[in-house]
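What follows draws every value from the coordinates through simple rules; no lab data is involved. These numbers come from a predicted model, not from an experiment. Cβ placement follows ideal geometry from the backbone for every residue including glycine, while neighbour counts extend to all protein chains displayed.
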């Protein structure tokens with residue numbers, strides 16, 4: 001994994017350019033874009049990493065020496081995906097192009113703010129030992145919990161037929177996840193064999209569960225994606241579904257970078273046209 005020192009610089013450079021955008025009108029080249037609508041959305045975010053391993057977890061911990069990542073005798077179960085609940089909103093600026101009867105085309109520029117809560121990355125160490133009169137089981141679960149804030153922009157081509165719309169385009173998002181934490185679950189239990197019948201381990205008082213919480217490092221994210229979707233307009237309101245599919249990178253502050261070979265969002269949207 002390599003460090004990406006340019007991510008903080010990109011964020012610093014982008015924020016002033018967004019703040020200079022006039023709220024009523026935008027000009028891009030020879031084309032004028034007029035503020036047309038505001039949209040609110042909620043859905044799921046799903047990122048896929050190259051690998052979420054014990055080393056990946058260590059990279060995210062402030063003091064990894066405090067956690068025992070000893071996998072000796074354990075089966076390692078890793079999950080390459082990270083999922084979270086996403087919600088946010090965006091302003092849309094439109095530049096009409098073609099209008100023939102009910103058929104219309106337009107170009108659209110969007111600026112959005114999004115939040116993802118409950119992002120979870122998991123690695124599990126699992127061990128089962130068959131003993132003379134019992135079966136011993138132990139599971140150590142390492143869970144990285146993060147909440148992410150994102151700003152982004154999109155350029156879309158929109159086609160409309162009556163009240164129905166479809167779009168495709170391109171966009172980029174910059175994100176930050178702060179005050180992250182690592183939760184470690186250590187569960188172990190023994191199930192006794194009594195006359196070849198399994199005896200409930202809780203009755204045998206052989207169950208142990210330990211939960212520890214550790215501070216994790218903050219991260220910066222860069223994602224590039226293709227947004228596409230459909231919608232239907234009813235009076236001044238617009239309801240729809242949109243997807244964002246792309247790639248990205250995560251830079252752990254004080255750590256190494258990871259590549260997201262798939263970055264995705266699925267939203268249900270509700271918009272209002274001025």
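Cβ neighbours within 10 Å, averaged per peptide: list 267-274, 61-68 in order, most packed at the top.
Per-residue Cβ counts within 10 Å, averaged per peptide and sorted highest first, yield 267-274, 61-68.
Taking the highest mean first, how do the peptides 161-170, 95-104, 51-60 order by number of other beta carbon atoms within 10 angstrom per residue?
51-60, 161-170, 95-104
Using a Förster distance of 41 angstrom, determine the FRET efficiency expected from the C-beta separation of residue 211 and residue 164, and round it to 0.05.
Step by step, r from the Cβ atoms, then E = 0.25.
Residue separation times 0.36 nm, minus the C-alpha to C-alpha distance between residue 83 and residue 102: what's the value?
Value of the extension gain: 2.9 nm.
Once fully extended, how much extra length lies between residue 75 and residue 234, figured as 0.36 nm per residue of separation less the alpha-carbon to alpha-carbon distance?
51.8 nm
For region 42-102, what mean projected area does the convex hull of the alpha carbons give, in nm²?
The directionally averaged projection comes out at 8.9 nm².
Between residue 224 and residue 127, how high is the FRET efficiency from 1/(1 + (r/R0)^6) when r is the Cβ-Cβ distance and R₀ = 45 Å? Nearest 0.05.
With R0 = 45 Å, the Cβ-Cβ based efficiency is 0.65.
For the pair residue 46/residue 147, report the inter-label distance in nm, with labels modelled 7 Å from Cα in the Cβ direction.
For the pair residue 46/residue 147, the computed spacing is 2.5 nm.
Sort out for me the Cα centre separation of region 52-77 from region 112-185, rounded to whole Å.
Rounded to whole Å, the Cα centres lie 19 Å apart.
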